[in-house]
Amino acid sequence: MSELTFEQMLEDSLKTIHTGEVVEGTVIDVKPEEIVLNIGYKSDGILTRNEYTNEPNVDLTAVVKPGDKMEVKVLKVNDGEGQVLLTYKRLAADRGNKRIEEAYNNKEVLKANVAQVLDGGLSVIVDEVRIFIPASLVSDGYEKDLTKYAGQEIEFVISEYNPKRRRYIGDRKQLIVAKKAELQKQLFEKIKEGDIVEGTVKNITEFGAFIDLGGADGLLHISEMSWGRVENPKKVFKVGENLKVLIKEISGNKVALSLKFEDENPWKDAAVKYAIGNVVTGKVARMTDFGAFVELESGIDALLHVSQISKERIEKPADVLKVGEEVTAKVVDFKEEEKKISLSIKAMYAPASKEEAEDDDADEVSVDIDAVIASESENAEQ
């Protein structure tokens, strides 16, 4: 019986392998784009970067080191150069498929970093399985620019699992909707009308601002932004600003807010400060053909009728006054319930003759203060 050569004995000691077989190997060399493994076969196994992961431009020396043990799948027993081609990502994908199937069946919430931002959505990778999240399922609202999600870790569930077509669809929207619904429920359980709460300016329009209360948005209407007049909300507030607001009304899931705090109400001491006969100073805020409205303080305007501006007759206020000009006048009428104050510059001067006094009386009789203020209020509301 012939003796076996050393080479024959060595070859007999090595295992045989087949395409598709899963083997364990030990890393003996690592390059940025290639890993060499001892798999107990007569030839070393080669694992390229493309067969290690789907992640682009990974430096393999940063993730694997000599001596590490890995399970891999055989792609080719002989690549034509006597080397064994291996894959790690396909083995991981096989196992990942099972992982994704379990997550789909159990409605498990998964986490992954966004690998790619595509025209129609986001791509994430879980255990080497690529999952697509359509733009319509990224958020609960329209997202014009998805680039902000690049590299970001996000949560989602699997809404479609079809391994035959390699179709794996993720859904982030339903998690956001569910979370907001829970936050909204918690918010409405703890707030009530009259409460003062903190919120963040979310959006600003011409008619008001929407305030995020942490579970629901409240509307701060332009008429509730100040005791005074606000012309343009965008000049007063900015998105992201934190505010303390008063909950004025709750109707279903709608919340009306206000910044008109009662302790800051300028009318609470107005009866004393603007009693009939008091001389006051203010600035012309706006003018009409019938008179000028003078701001005495933020939230309190008084009417200076055209007939009460000067001892001489004038056609319209703009002939002698301008917006922003400071004027001093006497309070000639005060109606607290209606929040109406009437001023007169002419009343500060004693009439020079009986005839002038009669003229003044005639002017005052002809002026319907309530009517002009009501007219101004209607015009402002329109």
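The values are calculated or read from the model by the stated rules, or taken from the named source; none is laboratory data. Quick caveat: nothing in here was measured; it's all calculated off a predicted structure. Note that we place each Cβ from the backbone using ideal geometry, even for glycine, and neighbour counts take in every protein chain shown. Please note that ligands, DNA and RNA were not included when accessible areas were found on the heavy atoms of the full protein model with its side chains. Shrake-Rupley method; radii C 1.70, N 1.55, O 1.52, S 1.80 Å.
One table, with the values for the structure above:
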quantity	calculated
The stretch 86-210, dipole about Cα centre (Lys/Arg Cβ +1, Asp/Glu Cβ -1), debye to the nearest 20	640 debye
Options Val30, Leu321, Leu187, ranked by Cα towards positive dipole end of the chain, top entry (Cβ charges)	Val30
Within the stretch 137-246, GluC sites (Glu not before Pro) in DSSP loop having at most 16 other beta-carbon neighbours inside 10 Å	Glu143, Glu193, Glu206, Glu231, Glu241
Portion, in percent, of the accessible area of the stretch 135-264 that falls on carbon or sulfur, probe 1.4 Å	47 percent
Between the stretch 202-263 and the stretch 322-350, the Cα center-to-center distance that results, in Å	32 Å
Only Lys, Arg (+1) and Asp, Glu (-1) charged, at Cβ; the chain dipole about Cα centre in debye	1580 debye
Relative contact order computed over the chain (Cα-Cα under 8 Å; 6+ residues apart), in percent	8 percent
Listed peptides 311-324, 210-223 by packing density, highest first (mean Cβ within 10 Å)	210-223, 311-324
0 to 90° range, to nearest 10: angle between helix 89-106 axis and the chain longest Cα axis	50 degrees
Relative packing of peptides 284-297, 29-42 - highest average C-beta neighbours within 10 Å first	284-297, 29-42
Within a Gaussian network of the chain (alpha carbon springs, distance under 10 Å), most fluctuating of Val157, Val230, Val272	Val272
Positive-pole candidate from Gly199, Gly218, Val236, dipole of the stretch 193-241, charges at beta carbon	Val236
Mean Cα-pair separation over length for the stretch 86-140, i.e. relative contact order, pairs under 8 Å, 6 or more apart, %	29 percent
Neighbour cut-off at most 16 other Cβ (10 Å), DSSP loop, trypsin sites (Lys or Arg not before Pro), the stretch 75-124	Lys107
Surface accessible to a 1.4 Å probe, per residue, for the residues of the chain, Å²	60 Å²
